[in-house]
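What follows is a short report on a single structure.
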Amino acid sequence: MMAALGRHLAVLACLISATGAEAAKLSAMVFGPDAKPLPNAVVVAVPEDGRLPPMGKIVEVVDQIDKEFVPYVKPVRAGSYVQFPNKDNIRHHVYSFSLAKIFELPLYKGTPAQPVLFDKPGIVKLGCNIHDWMIGYLYVAETPYFGKTAVDGRVDLDELPAGWYHVRVWHPRMEGSEDTTITRVDLEEATPAIIEWTLKLNPEYRPQRTPLPGEPGYR
């Protein structure tokens, strides 16, 4: 009996090892035109064979804190729900007119009763009808293999099935289409892949948070 148990455990260990060996890793670095690391860039890896893992109900969160969307950029998988809790002591009115999702949450405090479903891939620009400077972005990806660069401009995508991928990058201020950044990469089990991009950026335009003296506006 002990021998049989030992053989069973050995087989299980081999299966676990084999499963772990199937995972590949992608490390990406994104820089701005000044060669400085660029945060808030979304890196997306789409498997060439089209195979994607199934998904259950996913509920993500974009907070409203100190009259700002937090985080400023939020990548989610298509089919996810997103809650927009208002943690300020004033009311906000969240909306988007983006083609990927048109929606509106009229003036409210706290957390809306129902999260919003984002079932179409694309970029959703968020705004508040009351505070013009409140701008945020949802990147709705057709794949679960994505991540957002940190302040050091880096993001690691772990536990990807080995194989060929089309990898691209997007940033709210990038010039041109993200399709121009697509790189075909063969992700192998034993060797992490490393990709770098340097993006050209448009000037940032956001309404002033604090109006100039004598001008109307919100603080």
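The values are calculated or read from the model by the stated rules, or taken from the named source; none is laboratory data. Since this is a predicted model, take the numbers as computed values, not measurements. All Cβ positions, glycine included, derive from the backbone under ideal geometry; neighbour counts span all protein chains shown.
Quick one: which of Ala23, Ala3 is aliphatic (A, V, I, L, M), closer than 17 Å to Leu157 by Cβ and modelled with pLDDT under 95?
Of Ala23, Ala3, the one residue that is aliphatic (A, V, I, L, M), closer than 17 Å to Leu157 by Cβ and modelled with pLDDT under 95 is Ala23.
Okay, residues lined up against (1) in a helix (DSSP H, G or I); (2) modelled with pLDDT of 85 or more; (3) farther than 28 Å from Asp49 by Cα:
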| residue | (1), (2), (3) |
| --- | --- |
| Gly176 | no, yes, no |
| Thr180 | yes, yes, no |
| Val185 | no, yes, no |
| Ile195 | no, yes, no |
| Pro203 | no, yes, yes |
| Pro207 | no, no, yes |
| Pro213 | no, no, yes |
| Tyr218 | no, no, yes |
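Residues to consider are Pro112, Pro106; find the one that is in a loop (DSSP other than H, G, I, E, B) and surrounded by fewer than 18 Cβ atoms within 10 Å (Cβ to Cβ).
Answer to the selection: Pro112.
Quick one: in the stretch 32-41, of everything that is over 16 Å from Thr183 (Cα atoms) and in contact with a Phe, Trp or Tyr (Cβ under 8 Å, 6 or more places away or on another chain), which residue is surrounded by the fewest Cβ atoms within 10 Å (Cβ to Cβ)?
In this case the residue turns out to be Pro37.
So how many residues does the stretch 31-56 have that are part of a strand (DSSP E or B), hydrophobic (A, V, I, L, M, F, W, C) and within 17 Å of Phe146 (Cα to Cα)?
Here the count works out to 5.
Just for the stretch 61-83: of the residues that are without any contact (Cβ under 8 Å) to a residue 60 or more places away in the chain and out of contact with any Asp or Glu (no Cβ under 8 Å at 6 or more places or on another chain), which one is surrounded by the fewest Cβ atoms within 10 Å (Cβ to Cβ)?
Looking at the filtered set, the residue picked out is Val61.
Being farther than 24 Å from Ile58 by Cα, touching a Leu at 6+ places or on another chain (Cβ under 7 Å) and small (Gly, Ala, Ser) is the filter here; which residues of the stretch 141-194 pass it?
Matches in the stretch 141-194: Gly153, Ala162, Gly163, Ala193.
Could you please find all residues in the stretch 117-161 being β-branched (Val, Ile, Thr) and not in a loop (DSSP other than H, G, I, E, B)?
Ile123, Val124, Ile135, Val140, Val155
Residue-wise test of (1) hydrophobic (A, V, I, L, M, F, W, C); (2) over 28 Å from Asn202 (Cα atoms).
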site	(1), (2)
Pro33	no, no
Gly56	no, yes
Lys67	no, no
Asp88	no, yes
Val116	yes, yes
Leu126	yes, no
Ile130	yes, no
Tyr145	no, no
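How about the stretch 173-188: which of its residues are of a type outside the set (Ser, Thr, Tyr), under 22 Å from Asn202 (Cα atoms) and loosely packed, with under 12 Cβ neighbours inside 10 Å?
Result: Glu175, Gly176, Asp179.
Sort out which residues of the stretch 57-81 are in contact with a Gly (Cβ under 8 Å, 6 or more places away or on another chain), outside any strand (DSSP E or B) and farther than 16 Å from Pro115 by Cα, and write them in order of number.
Of everything in the stretch 57-81, those that are in contact with a Gly (Cβ under 8 Å, 6 or more places away or on another chain), outside any strand (DSSP E or B) and farther than 16 Å from Pro115 by Cα turn out to be Pro71, Tyr72.
For the stretch 38-86, enumerate the residues that are assigned by TED's automatic domain parsing to the domain that holds Ile194, within 15 Å of the chain's Cα centre (by Cα) and more than 23 Å from His131 (Cα to Cα).
Leu38, Pro39, Ala41, Val42, Val43, Val44, Ala45, Val46
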